[in-house]
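Any read-out appearing in this document is the output of simple, stated calculations on the displayed coordinates, not a laboratory observation. If you're wondering where the values come from, they're calculated on a predicted model, not measured in any experiment. Virtual Cβ from ideal backbone geometry, glycine too; neighbours counted across all protein chains shown.
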Amino acid sequence: MSGNLGYSDTPVLADSGFHVHDGERPQPKVISPGVTGTPTSIGVPPCDAVVLFDGTSLDGWLDKNGAPATWLVQDGYLQVSPGTGDIRTAAEFGDCHLHLEFASPEVVKGDGQGRGNSGVFLMGQYEIQVLDCYQNPTYPDGTTGGIYGQYPPLVNACRKPGEWQTYDIIWTAPKFEGEALVTPAYVTVLLNGVVLHYHKALLGPTQHRNLAQYVPHAPVGPLKLQDHGDLVRFRNIWYRPTGQYDVV
């Protein structure tokens, strides 16, 4: 690659060894960015995404006992089958950009935490809340997009019941050395394109009515979706590892 793209007489960046504006620095990998979904259409993942649910089957998903998951799959989405329990991916991963789309039931039943309740659990244990919070107040750290039991979202950006909504979650897994926590988990959450959390440090794995605290665990884990008894739907679920991007 020609150095004419940049400069070689500028200061050297200590963290990379390259000059400021260095034309010899590796170029970012070129990918197809996909197509953003709308409330009425399914988005298309980036070309290098790992697709966890493509709308056709639950291959690669397990129930709480490790058997193949049995939630309903139809019309391009999967739906909670109340009473069957949570489901999780067989695949395990750490730092990532996770994308999924969800919809609460169009027919409104219940209120507070009893309305369109589910959850997205990173690494199987850190929950970003799924709830129908359209004109439905609840305790703030249990609001849609909340880091459950820890931090409320900055805003309530929920669409109406039955409408498709989009989560984009940037996840950095916690790091341990033996029994010691080196760095906590961090998360950035966007709901329908609106930032709800920016690089927020978590207090530990999700707890209900209790304080979170870290216990050392593996650097990777599954994605878990919660059966909370409501007919919540999900579609277009994929992730991209973010620990290190390829360059060419």
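Data for the structure
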item	result
Amide H partners (placed H, <5 Å) of G146, local residues excluded	Q129
Listed residues C158, C47, C133, most fluctuating in the chain (Gaussian network, C-alpha, under 10 Å)	C47
Cβ crowding within 10 Å averaged over residues, with 170-177, 231-238 ranked highest first	231-238, 170-177
Under-5 Å amide H pairs with A90, H placed in peptide plane, nonlocal only	W61, L62
Backbone N under 14 Å from the H97 label point (7 Å along Cα→Cβ), restricted to the range 174-189	188-189
Three semi-axes of the equivalent ellipsoid, the range 31-248, Cα gyration tensor, whole Å, largest first	24, 21, 18
Debye intensity ratio I(q)/I(0), log10, the range 71-149, q values 0.16, 0.22, 0.26 Å⁻¹ (C-alpha model)	-0.69, -1.22, -1.44
Cα-Cα P(r), the range 71-110, percent of pairs per 5 Å interval	5, 13, 19, 27, 19, 10, 4, 1
For the range 152-195, convex hull of alpha carbons as volume per residue, Å³	99
Amide H contacts of G119 (H built 1.01 Å from N, under 5 Å, at least 5 apart or other chain)	V130, Q226
Protection-proxy order for peptides 66-75, 188-197, 114-123, each taking the mean of Cβ atoms within 10 Å per residue, highest first	114-123, 188-197, 66-75
Cα centroid of the range 149-202 to Cα centroid of the range 225-245, whole Å	13
Lysines with Cα under 17 Å of K224, excluding same-chain neighbours fewer than 8 positions away	K64
